[in-house]
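For reference, the structure is listed below as structure tokens.
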Amino acid sequence: MLSRLQRLHDEKGPVVSQSAGVFQLVNLFGPDANRFVLLDRDELFSSRKPWMAIMGRIFPNGLLLRDGEEHKQHRKIMHAAFIRPALRHYLERMNPMIARGVDGWRDRRDGFLAFRAFKELTLDIAASIFVGVELGPETTRMNGVFEDLVAASMSRLRLPIPGLEFHRGLKGREFMVDYFRRLIPERRAGSGDDMFSRLCRAESEEGARFSDADVIDHMVFLMMAAHDTTTSTLTSMTYELARHPEWQERLRDESRALGKPWIDFDDVEKLEGLTWVMKETLRRYPPLPVIPRMSLRDFEWEGFRIPAGAMVVLSPIHTHHMREWWPEPDRFDPERFSPLRAEDEKHTHCWVPFGGGGHLCIGYRFAEVQVKSIMHQMLLGLRWRVPEGYRMPVQQAPISKPLDGLPVALERLG
């Protein structure tokens with residue numbers, strides 16, 4: 001994908017229009033385009049229309065799939081589930097789960113596939129932190145359903161035929177809708193601190209609350225988005241730290257210096273080197289390499305007239321590899337995010353792994369907390385490597401992940 005986007009940009013410039021069946025596909029390249037579309041000051045674009053076409057039958061009406069005032073209102077209400085006290089509580093809950101997961105990896109004697117291991121752990125965390133269920137058969141069933149949902153949302157053959165992945169996804173959505181609906185009255189009346197309970201009770205300053213259907217749609221979407229993107233980031237970080245053992249040891253020393261087996265919320269910003277590595281990984285492997293929008297009316301950009309109904313596509317993965325903004329963009333260089341260099345601050349929208357504007361990922365701080373807590377415990381308990389000369393085969397779209405699961409060799413520490 002990246003090479004194709006670079007070729008398009010090099011040959012045709014910052015605006016590339018192509019016919020894509022019933023609509024016009026327009027690639028807009030570069031930080032200025034990112035800022036123009038993501039901030040959307042003139043309300044020219046719909047996020048809902050393209051995402052509904054991509055995943056609407058499986059994940060309808062999540063926050064990403066809402067527009068305008070409805071989106072703003074829902075985001076206001078949802079904010080209560082992502083404030084600092086909530087994040088602090090989530091981290092306290094997830095730390096022992098991470099410890100059990102890493103301990104289990106330390107005892108592995110067979111081949112270790114990092115992507116699968118992270119997916120299992122983040123699904124368990126989502127079930128516990130988001131839904132408030134204890135690990136067991138219920139969690140196992142839920143995790144299996146979410147794997148079916150994600151597979152179905154990206155399925156090319158979207159027919160409800162028994163046995164096909166899209167049909168399994170539709171059945172999985174029915175299961176999750178019924179599951180959440182049964183629990184909503186209890187959670188609205190209770191005082192639970194899991195995300196599901198918080199959304200059931202959440203209110204905006206004006207007193208607006210979510211309907212039962214809203215809660216269900218947001219929960220199903222949030223659980224998918226949280227575990228899938230975090231799994232992608234953790235896997236890519238693991239790969240880069242395996243290929244660059246000097247950085248792995250540098251981060252290990254940083255975590256040891258903290259003097260804690262688990263981080264707490266106040267430690268998240270203290271791990272400076274880990275912050276740089278996470279940001280550099282998100283630059284090189286943004287979980288969502290492209291961001292689609294649909295134009296609601298005609299507009300002009302860089303001298304080009306773009307019609308209403310066009311699929312307008314931004315490409316974070318392309319922006320993150322533009323030599324005008326990132327010296328030696330193909331090199332893993334976390335120090336480019338250090339205060340002395342701050343390459344990400346050259347332009348407000350040259351680093352956009354979480355999108356931007358009104359649709360900036362509401363869970364980006366949760367993702368940071370989760371990734372750093374898992375990496376901290378991994379660094380203290382394990383050393384890992386890949387064979388000399390190994391290069392991870394990457395599927396860049398629809399979400400960045402390794403085609404081979406990323407096999408790594410683990411060494412137990414301590």
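The values are calculated or read from the model by the stated rules, or taken from the named source; none is laboratory data. Since the structure is predicted, the reported quantities are computational estimates derived from the model, not experimental observations. Here Cβ is always computed from backbone atoms with ideal geometry, including for glycine, and neighbour counts include all displayed protein chains. For accessibility, only protein heavy atoms count, side chains too; no ligands or nucleic acids. Shrake-Rupley method; radii C 1.70, N 1.55, O 1.52, S 1.80 Å.
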| query | Among (1) touching a residue at least 40 places away in the same chain (Cβ under 8 Å); (2) over 22 Å from residue 353 (Cβ atoms), where does residue 212 come up short? | reply | (1)
| What are the residues in segment 102-135 that are within 23 Å of residue 81 (Cα to Cα) and over 20 Å from the mean Cα position of the chain (by Cα), if any? | 132, 133, 134, 135
| task | Find the residue count for segment 272-298, including only residues that are within 23 Å of residue 7 (Cβ to Cβ) and in a helix (DSSP H, G or I). | result | 2
| note | The number of residues in segment 103-125 that are among the aliphatic types (A, V, I, L, M) and within 18 Å of residue 368 (Cα to Cα) is 3
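Out of all the residues in segment 372-393, which are assigned to a strand (DSSP E or B) and in contact with a Phe, Trp or Tyr (Cβ under 7 Å, 6 or more places away or on another chain)?
If the condition is that a residue be assigned to a strand (DSSP E or B) and in contact with a Phe, Trp or Tyr (Cβ under 7 Å, 6 or more places away or on another chain), then 382 is the only one that fits.
Please specify each residue of segment 270-298 satisfying the condition of being among the small types (Gly, Ala, Ser) and either open to solvent by 10 Å² or more (accessible area, probe 1.4 Å) or over 18 Å from residue 67 (Cβ atoms) (or both). Spell out how you get there, then give the answer.
Step one: list which residues in segment 270-298 are among the small types (Gly, Ala, Ser), which gives 273, 295.
Answer for segment 270-298, where residues must be among the small types (Gly, Ala, Ser) and either open to solvent by 10 Å² or more (accessible area, probe 1.4 Å) or over 18 Å from residue 67 (Cβ atoms) (or both): just 273.
Could you check segment 51-71 and list, in sequence order, the residues that are of a type in the set (D, E, K, R) and free of Cβ contacts under 8 Å to residues at least 60 places away in the same chain?
66, 67, 69, 70
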| request: Search segment 290-317 for residues that are farther than 10 Å from residue 26 by Cβ and pair each with any residue that is of a type in the set (Gly, Ala, Ser) and assigned to a strand (DSSP E or B) when their beta-carbon atoms are under 8 Å apart and the residues are at least 6 apart or on different chains. | output: 294/46; 296/46; 308/295; 309/295
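Let me confirm something: among 70, 134, 138, 43, which residue is over 30 Å from residue 414 (Cα atoms), at pLDDT below 95 and of a type in the set (Asp, Glu)? Explain how you work it out, then say what you get.
Values: 70 fails: at pLDDT below 95; 134 fails: over 30 Å from residue 414 (Cα atoms); 43 fails: at pLDDT below 95.
Unique residue meeting the criteria: 138.
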| field | Cross-chain or 6+ apart pairs with Cβ under 8 Å, segment 158-175 first and free of Cβ contacts under 8 Å to residues at least 24 places away in the same chain, then outside any helix (DSSP H, G or I) and of a type in the set (Val, Ile, Thr) | value | 167/161
| Mind checking which residues of segment 374-406 are in contact with a strand residue (DSSP E or B) (Cβ under 6 Å, 6 or more places away or on another chain), in contact (Cβ under 8 Å) with a residue 24 or more places away in the chain and open to solvent by 50 Å² or more (accessible area, probe 1.4 Å)? | 383, 385, 401
| Boolean, residue 307 is closer than 29 Å to residue 68 by Cα and of a type outside the set (A, V, I, L, M, F, W, C) | yes
